[in-house]
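The values are calculated or read from the model by the stated rules, or taken from the named source; none is laboratory data. No experiment lies behind these values; they were computed from the predicted model shown. Reconstructed Cβ throughout: ideal geometry from the backbone, glycine too, with neighbour counts over all protein chains shown. Each accessible area value is taken on the protein alone, full model and side chains, heavy atoms only, with ligands, DNA and RNA left out. Shrake-Rupley method; radii C 1.70, N 1.55, O 1.52, S 1.80 Å.
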Amino acid sequence: MTSDATTPLATPTDLAWQVAEGLTPYQDAVAAMEARVAAIREGTAGELVWLVEHPPTYTAGTSARPEDLLERRFPAVAAGRGGQWTYHGPGQRTAYVMLDLTRPHGTVRARDVRAYVHGLEEWLIRALDRFNIRGERREGRVGIWVADRARGTEDKIGAIGVRVTRWVSWHGVALNVDPDLSHFGGIVPCGVAEHGVTSLHRLGVLATMEEADAALMAAWAEVFG
């Protein structure tokens, strides 16, 4: 991804955290992000991490293949982010991250989208570590994976899909806390058919959404400062 911005954006830059109540319709979330990104660029709002849950929805990234929508169980919408098909629904914490990437954030260099995505991966890995779950990257596969080495299998627990508009980031990550994993069966998640999906609860960690949020907030400072 690239940007045509050449100078740092206007202040303010203070990072805020917001937790949405209830279920936020996906298209409402996109509209809210668009407005916030514009305000960050104009200097009328600060950076934001917005934590939401969605009603069951399939979303298509810019690389999504029509044939990977296997069954239209739920609304299927174009997301405008990078990546392929993913599922959002109750029990999954979606974190929308809106940052001014013309500035460095902790370990993430300014104007470096690869470093930013790596930072999002590291953020999820460190949050999972707080539940004694080892999240891992995989070459050529976006997202965070949990391996069962005894069985020789691995499943995806965290998805990543970002968009950067004139060096302001939006969209973000999704962590499976306790979604209905059968809902993923209507798509080929992120174009990867040979591996499954998992969640904190499936792995025996009966964390609440509030506990997952606390882990994300604590891990944030270790990566993004």
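Going by the structure shown, is Val142 β-branched (Val, Ile, Thr), farther than 15 Å from His88 by Cβ, open to solvent by 30 Å² or more (accessible area, probe 1.4 Å) and out of contact with any Leu (no Cβ under 9 Å at 6 or more places or on another chain)?
Values: β-branched (Val, Ile, Thr): yes; farther than 15 Å from His88 by Cβ: yes; open to solvent by 30 Å² or more (accessible area, probe 1.4 Å): yes; out of contact with any Leu (no Cβ under 9 Å at 6 or more places or on another chain): yes.
The answer is yes for Val142.
So in segment 75-87, with the set limited to residues that are in contact (Cβ under 8 Å) with a residue 40 or more places away in the chain and under 15 Å from Gly185 (Cβ atoms), which one is surrounded by the most Cβ atoms within 10 Å (Cβ to Cβ)?
To start, the set of residues in segment 75-87 that are in contact (Cβ under 8 Å) with a residue 40 or more places away in the chain comprises 75, 77, 79-87.
Subset that is under 15 Å from Gly185 (Cβ atoms): 85-87.
Details: Trp85: 24, Thr86: 27, Tyr87: 25.
Checking each candidate, the answer is Thr86.
Within segment 197-217, work out how many residues are surrounded by 19 or more Cβ atoms within 10 Å (Cβ to Cβ) and among the acidic types (Asp, Glu).
Summing the residues that are surrounded by 19 or more Cβ atoms within 10 Å (Cβ to Cβ) and among the acidic types (Asp, Glu) in segment 197-217 gives 1.
Of all residues in segment 64-107, which are among the polar types (S, T, N, Q) and either more than 22 Å from Val164 (Cα to Cα) or outside any strand (DSSP E or B) (or both)? Show your work before the answer.
The initial filter retains those residues of segment 64-107 that are among the polar types (S, T, N, Q), namely 84, 86, 92, 94, 102, 107.
Passing the criteria: Gln84, Gln92, Thr102, Thr107.
Return a yes/no flag: does segment 132-139 have any residue that is over 20 Å from Val192 (Cα atoms) and surrounded by 14 or more Cβ atoms within 10 Å (Cβ to Cβ). So that I can check it myself, show each step before the final result.
First, the residues of segment 132-139 that are over 20 Å from Val192 (Cα atoms): 132-134.
Those left that are additionally surrounded by 14 or more Cβ atoms within 10 Å (Cβ to Cβ): 133.
Among the residues of segment 132-139, at least one is over 20 Å from Val192 (Cα atoms) and surrounded by 14 or more Cβ atoms within 10 Å (Cβ to Cβ), which makes the answer yes.
When only residues in segment 88-128 that are without any contact (Cβ under 8 Å) to a residue 40 or more places away in the chain and among the acidic types (Asp, Glu) count, which is surrounded by the most Cβ atoms within 10 Å (Cβ to Cβ)?
Looking at residues that are without any contact (Cβ under 8 Å) to a residue 40 or more places away in the chain and among the acidic types (Asp, Glu), I get Glu121.
Which residues, counting only those in segment 147-165, are of a type outside the set (A, V, I, L, M, F, W, C) and open to solvent by less than 20 Å² (accessible area, probe 1.4 Å)? Spell out the reasoning first.
We begin by selecting, within segment 147-165, every residue of a type outside the set (A, V, I, L, M, F, W, C); these are 148-149, 151-156, 158, 161, 163, 165.
Those that are of a type outside the set (A, V, I, L, M, F, W, C) and open to solvent by less than 20 Å² (accessible area, probe 1.4 Å): Lys156, Gly158, Gly161.
Of the residues in segment 22-63, how many are in a loop (DSSP other than H, G, I, E, B), open to solvent by 30 Å² or more (accessible area, probe 1.4 Å) and within 17 Å of Gly80 (Cα to Cα)? Quick ask: steps written out before the conclusion?
The initial filter retains those residues of segment 22-63 that are in a loop (DSSP other than H, G, I, E, B), namely 22-25, 43-47, 53-56, 61-63.
Remaining after also requiring open to solvent by 30 Å² or more (accessible area, probe 1.4 Å): 22-23, 25, 44, 53, 55-56, 62-63.
The next check asks that each one be within 17 Å of Gly80 (Cα to Cα); those that pass are 25, 62-63.
Total meeting the criteria: 3.
Residues of segment 197-225 being touching a strand residue (DSSP E or B) at 6+ places or on another chain (Cβ under 9 Å) and in a loop (DSSP other than H, G, I, E, B), which ones?
Scanning segment 197-225 gives Thr198, Ser199, Leu200, His201, Arg202, Leu203, Gly225.
For segment 109-196, which fully contained strands (runs of 3 or more DSSP E) count at least 2 residues that are touching a Cys at 6+ places or on another chain (Cβ under 8 Å)? Can you show your working first?
Numbers: elements: 136-138, 141-148, 153-165, 168-176.
Of the strands (runs of 3 or more DSSP E) lying wholly inside segment 109-196, those with at least 2 residues that are touching a Cys at 6+ places or on another chain (Cβ under 8 Å) span 141-148, 153-165.
In segment 182-196, which residue that is open to solvent by 30 Å² or more (accessible area, probe 1.4 Å) and within 15 Å of Pro90 (Cβ to Cβ) is farthest from the chain's Cα centre (by Cα)?
Among them, the one singled out is Ser182.
Would you pick out the residues in segment 169-194 that are out of contact with any strand residue (DSSP E or B) (no Cβ under 6 Å at 6 or more places or on another chain), aliphatic (A, V, I, L, M) and more than 24 Å from Glu67 (Cα to Cα)?
Answer for segment 169-194, where residues must be out of contact with any strand residue (DSSP E or B) (no Cβ under 6 Å at 6 or more places or on another chain), aliphatic (A, V, I, L, M) and more than 24 Å from Glu67 (Cα to Cα): there is none.
So Val168 passes all but one of these: (1) closer than 24 Å to Glu34 by Cα; (2) open to solvent by 10 Å² or more (accessible area, probe 1.4 Å); (3) of a type in the set (Val, Ile, Thr). Which condition number does it fail?
Only one criterion is unmet by Val168, namely (2).
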